[in-house]
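The values are calculated or read from the model by the stated rules, or taken from the named source; none is laboratory data. This one's a predicted model, so the numbers in the text were calculated from it and none came from an experiment. Here the Cβ positions follow ideal geometry from the backbone for every residue, glycine too, while neighbour counts run over all protein chains shown. Note: accessible area is taken over every heavy atom of the protein model, side chains too, but ligands, DNA and RNA are not part of it. Shrake-Rupley method; radii C 1.70, N 1.55, O 1.52, S 1.80 Å.
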Amino acid sequence: MVNLLGLTPSELQAFCSALGEKPYRAKQLLRWIHHAGADNFAAMTDISKALRIELEQTATIAAPAVRRDTIAADGTGNAIETVFIPETARGTLCISSQAGCALECSFCSTGRQGFNRNLTVAEIIGQLWLANRALGGRTAESRPVTNVVMMGMGEPLANFDNVVAAMQLMLDDCAYGLSRRRVTLSTSGLVPAIDRLADACPVSLAVSLHAPNDALRDELVPINRKFPIRELMAACVRYIEKAPRDFVMFEYVMLDGVNDRVEHAHELTRAIADVPCKVNLIPFNPFPGSGYVRSPASAIARFRDVLLSEGVRTTVRKTRGDDIDAACGQLAGEVQDRTRRASRRQARSDTAGMPSYGEIAERVG
């Protein structure tokens, strides 16, 4: 049985052609599946009865199973490592791309739990499909999700092909019809994949920076050992040439006594000077055993004011969903870790050795 939920427009057209159907049937199916949120071929009333019977025998529309749906006190909801953030004028869905994450950023709960596998196209787009249905948006006009951010579990560019295919569905007028400005991909800095994304599906780009120099970023975001800040900034400049926005968003988690001093702020402005950008300061969201503490509000304000005084557009992210561990950096599903991360971490602490990230970088690049 072919899962039509995960087929791109061109793949769905090829599927219809194999059944002897005209290309317009693919657009009809896209509208029923993604516009109407249909999972029952019998409901597709403008498709012939004979084709509906054939579809029931050869295909399915299967989204990931929802294991838990939790509502935070501020209205933020979590389902299958997906977070919906309601606001007055928009609804943002934070979507995961992997079960776990292989990059092991030191301050991230998701990175601590290890990595199992990449999500399929159906599992990625299925999060958007399920969210619209669960929140009552069964038609294009009533959909509560207006923006998508690829900022959930995993490094999106390490699952490049599936993430791009899912985003193309988000952008397709016969599917979700989102603009490229309303879809944001966040990466830890896989430079070759950033260049590939600019050619394949240039959406709004966010970069998890978190440090103003290579020495500190090597510690916080270990992939920096493969792609240091200078190379990352050059990739960002190249990306803007094809991006839907004229800036890159740099994300910077605020860690007390680690990266939040005034001298760090001045150093950050020098590091990003050549990139049209905005900086989003993120108060650290604690989790058990993290070893880090959130910067005090006064330190965050002081850091922000330094950036603003030097002409850097800067915002401070409002913490949402932390009471159900759905805030930034807190997402933690039930991952059957294939990397044996806990045992490797213990071995490193015993030997004080540092891991090699070259293999990961080459695989995803």
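Quick notes on this structure:
- Of residues in region 299-316 being surrounded by fewer than 18 Cβ atoms within 10 Å (Cβ to Cβ) and of a type in the set (S, T, N, Q), the one nearest to Ser109 (Cα to Cα): Thr315
- Of all residues assigned to region 81-90, none qualifies as being at pLDDT below 85, farther than 14 Å from Gly126 by Cβ and buried (at least 19 other Cβ atoms within 10 Å of the Cβ).
- The residues of region 82-123 that are under 28 Å from Ser290 (Cα atoms) and of a type in the set (A, V, I, L, M), listed by number, are Val83, Ile85, Leu93, Ile95, Ala99, Ala102, Leu103, Leu119.
- Residues within region 114-130 that are of a type outside the set (Asp, Glu) and either at positive phi or open to solvent by 40 Å² or more (accessible area, probe 1.4 Å) (or both), tallied: 4
- Tally, over region 201-235, of residues that are touching a residue at least 60 places away in the same chain (Cβ under 8 Å), in a helix (DSSP H, G or I) and either in contact with a helix residue (DSSP H, G or I) (Cβ under 7 Å, 6 or more places away or on another chain) or hydrophobic (A, V, I, L, M, F, W, C) (or both): 3
- Matching residues, region 6-23, being assigned to a helix (DSSP H, G or I) and either hydroxyl-bearing (Ser, Thr, Tyr) or open to solvent by 70 Å² or more (accessible area, probe 1.4 Å) (or both): Ser10, Glu11, Gln13, Ser17, Ala18
- In region 239-252, of all residues being among the charged types (D, E, K, R) and within 21 Å of the chain's Cα centre (by Cα), the one that is least open to solvent (accessible area, probe 1.4 Å) corresponds to Glu251.
- Within region 236-258, the set of residues being assigned to a loop (DSSP other than H, G, I, E, B) and touching a Lys or Arg at 6+ places or on another chain (Cβ under 9 Å) comprises Ala243, Pro244, Arg245, Phe247, Asp256.
- Criterion violated by Gly77 - all others in (1) open to solvent by 20 Å² or more (accessible area, probe 1.4 Å); (2) at pLDDT below 85; (3) over 20 Å from Pro288 (Cα atoms) satisfied: (1)
- All positions within region 157-189 that are in a loop (DSSP other than H, G, I, E, B) and over 14 Å from the mean Cα position of the chain (by Cα): Asp172, Asp173, Cys174, Ala175, Tyr176, Gly177, Leu178, Ser179
- Given (1) open to solvent by less than 40 Å² (accessible area, probe 1.4 Å); (2) more than 23 Å from Cys108 (Cα to Cα), number of the condition Val221 does not satisfy: (2)
- If you go through region 266-286 and keep only what is touching a Lys or Arg at 6+ places or on another chain (Cβ under 8 Å) and among the hydrophobic types (A, V, I, L, M, F, W, C), you end up with Cys277, Val279, Leu281, Ile282, Phe284.
- Meets criteria (within 23 Å of the chain's Cα centre (by Cα), open to solvent by 50 Å² or more (accessible area, probe 1.4 Å) and over 14 Å from Ala206 (Cβ atoms)) for Pro296: no
- Hits in region 36-64 (condition: under 18 Å from Val121 (Cβ atoms) and open to solvent by 20 Å² or more (accessible area, probe 1.4 Å)): Asp39, Thr60, Ala62, Ala63, Pro64
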